[in-house]
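What follows is a set of notes on a single structure, which appears directly below.
The values are calculated or read from the model by the stated rules, or taken from the named source; none is laboratory data. These numbers were taken from a predicted model, which means no experiment stands behind them. So basically every Cβ, Gly included, is an ideal-geometry build from the backbone, and we count neighbours across all protein chains shown. SASA here: full protein model, heavy atoms, side chains in, ligands and nucleic acids out. Shrake-Rupley method; radii C 1.70, N 1.55, O 1.52, S 1.80 Å.
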Amino acid sequence: DLKGFSLQDLEEISKETNTQVSQLVDFKQNLLQRFASSPVSNAYTSSAPQVPRSSNHGVQGISEWTDEHVSLFKAAGILLFRIRNKTGKLETILPIENRCDEPGGYKKSIHVFGGKKDRNESPVTTMARELVEETAQIISTADITSILESQAQKHQYWYRRGKYCLFLCMIPSGARFNKIHALPRLFREFKKSGAYVPGVEASALCWVPVEELFNKANDSFQVGARNIPFSGFLDGLRNCDALRAVIKQLGTTEVSTAVSDDPRTGTLFERRREQDQQQITLVGFPFDEGVRRNGGRVGAAGGPDAVRQFIKKLGTVVNPELKLDCSRVAIHDDGDIGAGSSLQLEQAHNLLEEKVFSIIERKEIPFVIGGGNDQSFPNAMGLLRNATEDHSVAVVNIDAHLDVRPLKLGQVHSGSPFFMMLNSAEWKSKGAGFLEFAAQGNQCSLVQSDFVYQHGGSICWLSEIRKHKAQKDMQVPYSSDAVVELLQNRIEQMKDKASQVFISFDIDSIQSSDCPGVSCPATVGLTAEEALDICFWAGRNPAVALVDVSEYNPKIESYRTGRLVANMFYYFLLGRSSLFQVSE
């Protein structure tokens, strides 16, 4: 193990222990000398058991990736290969970076595309983010998705050193991937332009023949007139006999040339946000304790994970019916609040408020999926705290219930979010207007409706929506535009003009024939079409700065309702994309 430590490893150890690298180098050399002269040395090297290639421990530190490694990995990267037409040789493209690989300072060395994972990232997400960043966005997330889908078989490995997930991929043929073959030139042009892209650490990119990379007699590769050494990490990979065998086999594997002609919303996730791009940040709130406290059926805690199963598969990137291109908007999944922990509901609320506050502060739009509707209070507080002007924030609660019940035994619950908001100091100074939309009189008490009116709010009952729609249907039958029109009119009628709007959408406002998977299904309510139209309108409205969707309960029904919630997100994405379309 000691022999496996590189100077780069020693540098990392020195940062943790405040020890000089030179001291660690001397210490390593001293130990190696003592070990070499020890009688244990010969016995160790001659009798050490050989790890079979089928072992899960791997050969020389590399093994097949298993589900057990998902919770262990700390970093991820990728080796991209091609067979060069002129020579027929297998090559891989690698970055040249300035790093401190020896005592005394920095020097250029050849590395691997990859890096440490961010919180809650999957191996694919980490690898994709690092590759997009390190190639200055010349390679996109959509390119990476197509590359992974084109592989005849999955090549994903566990590299014990660094707890690393390593992907091996052949570059498909086809005009779309010509830019990858030209990466060194395109990257060179990017560097000359003086443009700035966050995450770019390389000074150059180069194609390296695999036979030279794995030639143990080499410790460097000639790039132009200079010999550039291999980094310590790459050197460790070069000494993996098992990896050499896998790559040799990869070079003879056929790669599908098919590129997906039907890219879905999932290809938009984790793309680096461009300067003029709007970013929607998805956040999960997997808590239903508030529902339990309010006497409802629990299960909404599984909502965020269930919705994610549908979001990335539903919705075409380019919608030919609406003539909208969703690639104008970047999407980031920020994971779940309190993932893997056992937080109390009040603690989760505090974390959610801070999360929403920071996302809005970065000029991104939070789209929060619950969980119980109690999430709407911390969401509203995150927006109100960001508001810089008095009476500038409007809040719309689309819900069959008014959700203004008092606390129970001093505890928050799913029926109290707007009771808390309307009583808060932040609302009294920053609130512009509060609208209850699609409320049903059989679900709301007189005390609750009086509370809303007494605090300056207004209520648009479901019956009012149906009357307005009936009048409009006389002009345009079966149109759901009337619902959106009424919603927009009611917002415009607020006393103060809002510069920011929060749309809180409790899906128990949607009729149960369309949306059965909720704690309290509605016999009557909004239709699925009306819900999607509202989400599209919210996306198109530049004042909408925050959206949450609550009460999806996959324990009651998962498939139909899950697809509906995923489409609500997609229609919001379509609406936001419409703000950034380039006229032809």
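Data overview
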| item | result |
| --- | --- |
| Leu564 open to solvent by 10 Å² or more (accessible area, probe 1.4 Å), at pLDDT 95 or above and under 24 Å from the mean Cα position of the chain (by Cα) | yes |
| Considering residues of the stretch 417-432 that are in contact (Cβ under 8 Å) with a residue 12 or more places away in the chain and of a type in the set (Gly, Ala, Ser) only, the residue most open to solvent (accessible area, probe 1.4 Å) | Ser429 |
| Among (1) over 19 Å from Ser458 (Cβ atoms); (2) in contact (Cβ under 8 Å) with a residue 60 or more places away in the chain - the single one His391 does not satisfy | (1) |
| Options Pro378, Pro366; residue that is free of Cβ contacts under 8 Å to residues at least 40 places away in the same chain and either surrounded by fewer than 19 Cβ atoms within 10 Å (Cβ to Cβ) or under 19 Å from Met421 (Cβ atoms) (or both) | Pro378 |
| Subset tally (residues that are over 12 Å from Val501 (Cβ atoms) and either part of a loop (DSSP other than H, G, I, E, B) or of a type in the set (S, T, N, Q) (or both)) for the stretch 522-546 | 4 |
| Search result, residues across the stretch 528-561 that are over 28 Å from Glu361 (Cα atoms), surrounded by fewer than 17 Cβ atoms within 10 Å (Cβ to Cβ) and without any contact (Cβ under 8 Å) to a residue 60 or more places away in the chain | Glu529, Tyr559, Arg560 |
| Residue tally, condition modelled with pLDDT of 90 or more and surrounded by fewer than 15 Cβ atoms within 10 Å (Cβ to Cβ), over the stretch 323-349 | 4 |
| Selection count, the stretch 163-190, where residues are without any contact (Cβ under 8 Å) to a residue 24 or more places away in the chain and open to solvent by 60 Å² or more (accessible area, probe 1.4 Å) | 5 |
| Filter result for Ser203 (under 15 Å from Ala136 (Cα atoms), touching a Lys or Arg at 6+ places or on another chain (Cβ under 9 Å) and surrounded by fewer than 20 Cβ atoms within 10 Å (Cβ to Cβ)) | yes |
| Where Phe505 falls short, out of the listed (1) open to solvent by 30 Å² or more (accessible area, probe 1.4 Å); (2) closer than 12 Å to Val396 by Cβ | (1) |
| Out of Val223, Val210, Val255, sole residue that is at pLDDT 80 or above, touching a Ser or Thr at 6+ places or on another chain (Cβ under 7 Å) and under 18 Å from Glu91 (Cβ atoms) | Val210 |
| Residue that is part of a helix (DSSP H, G or I) and open to solvent by 10 Å² or more (accessible area, probe 1.4 Å), where the choices are Arg385, Arg405 | Arg385 |
| Residues of the stretch 388-404 satisfying the condition of being of a type in the set (S, T, N, Q) and at pLDDT below 95 | Thr388, Ser392 |
| Residue check, Phe287 at pLDDT 75 or above and under 16 Å from the mean Cα position of the chain (by Cα) | no |
| Residue under evaluation Phe221, criteria (1) open to solvent by less than 40 Å² (accessible area, probe 1.4 Å); (2) over 25 Å from Phe187 (Cα atoms), criterion not met | (2) |
| Evaluation of Tyr159 against (1) more than 18 Å from Ile83 (Cα to Cα); (2) at pLDDT below 80; (3) among the aromatic types (Phe, Trp, Tyr) (one fails), failing number | (2) |
| Every residue from the stretch 76-97 that is open to solvent by 50 Å² or more (accessible area, probe 1.4 Å) and under 11 Å from Met170 (Cα atoms) | Ile83 |
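Residue-wise test of (1) in a helix (DSSP H, G or I); (2) at pLDDT 95 or above; (3) farther than 19 Å from Asn379 by Cα.
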{"position": "Glu485", "(1), (2), (3)": "yes, no, yes"}
{"position": "Ala498", "(1), (2), (3)": "no, no, no"}
{"position": "Val501", "(1), (2), (3)": "no, yes, no"}
{"position": "Phe505", "(1), (2), (3)": "no, yes, no"}
{"position": "Cys520", "(1), (2), (3)": "no, no, yes"}
{"position": "Asp548", "(1), (2), (3)": "no, yes, no"}
{"position": "Phe572", "(1), (2), (3)": "yes, yes, no"}
